[in-house]
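For reference, the structure is listed below as structure tokens.
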Amino acid sequence: MPRPQLLVSIHDIAPASASATERWLADLDARGVPATLLVIPGPWRGSRLSQSPDLVAALHDAASRGHELALHGWEHKAGPTGPPLRRAAAQLLARGAAEFAALDVAEATARLSAGLAELAALDIEPVGFHPPGWLASPGAYQALRRVGLRYSSSHLFVRDLITERRYTLPALSHRPGGTGEVFAARLMHKSAAAMARRGRSFRVALHPDDLLHPGLRATTLAVIDEALAAGYRAGTYSGLMMRGAAVPIP
């Protein structure tokens, strides 16, 4: 019987969140947990990635330690184009961050190409894409194949864009701010415990704004620690792609 898998990702990596990224990485490195780092190359909350050589160096160093670098959109901000219903749903679910939720093929290709070019100039070549807000339009999925990326993710699934295999791996994360924050944190912990009892693989998503609330960080680390103690195998998304054909996902 294969060991259940734990995939941890650090989201929204940009110059504006460099200190949060450093703190999450320290927590994961202390536990020997490799993570997938979701990089925003464009101007999110300020400057572009290329304007922060210190962060670029830190990302290369993290990659040398076994962490994966993945593309997380261009600027992590939804635009005014696309079907109104899809835009409204994305706004509700992702608070305006769902950049790829309503794009057509041409728009999505342009943003993906811009992000990949920016990263390539920094000697970063991601194999995977994680849409902001976990939401991507049908046109965005066509664009992902067009630019040659290997996989993408949603809130419930990880999709191999070459084999078309879809892995059921629910992602657990917080929703900082608002009246439901404490309830959501408890639900995250209970959901992880329930999946661990059944030996089900799952994902944990870390965001910079989680660190503004000490209780959220404590809950997240408890979930990770309990999974490791239960025998989960921590890995990256690209590692999942390499192992997937031979190892079923519990």
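Observations on the model:
- Checking each residue of segment 178-188 against the condition of being aromatic (Phe, Trp, Tyr) and touching a strand residue (DSSP E or B) at 6+ places or on another chain (Cβ under 6 Å) gives no match.
- Close pairs (6 angstrom Cβ cut-off, 6 or more residues apart or separate chains): within 14 Å of residue 201 (Cβ to Cβ) in segment 157-173, open to solvent by 20 Å² or more (accessible area, probe 1.4 Å) and among the charged types (D, E, K, R) anywhere: 157/166; 166/159
- Top-ranked residue of segment 39-53 - restricted to ones that are touching a helix residue (DSSP H, G or I) at 6+ places or on another chain (Cβ under 9 Å) and outside any loop (DSSP other than H, G, I, E, B), ranked as nearest to residue 22 (Cα to Cα): 39
- Of the residues making up segment 11-27, those that are in a helix (DSSP H, G or I), in contact (Cβ under 8 Å) with a residue 24 or more places away in the chain and of a type outside the set (Asp, Glu) number 9.
- Helices (runs of 4 or more DSSP H) wholly inside segment 118-230 that include at least 2 residues being open to solvent by 30 Å² or more (accessible area, probe 1.4 Å) and more than 17 Å from residue 100 (Cβ to Cβ): 181-198, 214-229
- Within the set 127, 105, 182, the sole residue that is aliphatic (A, V, I, L, M), closer than 16 Å to residue 36 by Cβ and in contact (Cβ under 8 Å) with a residue 12 or more places away in the chain turns out to be 127.
- Matching residues in segment 16-45 - criterion: being within 15 Å of residue 73 (Cα to Cα) and either open to solvent by 30 Å² or more (accessible area, probe 1.4 Å) or of a type in the set (Lys, Arg) (or both): 43, 45
The values are calculated or read from the model by the stated rules, or taken from the named source; none is laboratory data. Small disclaimer: the values here were computed from a predicted structure and weren't measured. Cβ atoms come from the backbone with ideal geometry, glycine included; neighbour counts cover every protein chain shown. SASA here: full protein model, heavy atoms, side chains in, ligands and nucleic acids out. Shrake-Rupley method; radii C 1.70, N 1.55, O 1.52, S 1.80 Å.
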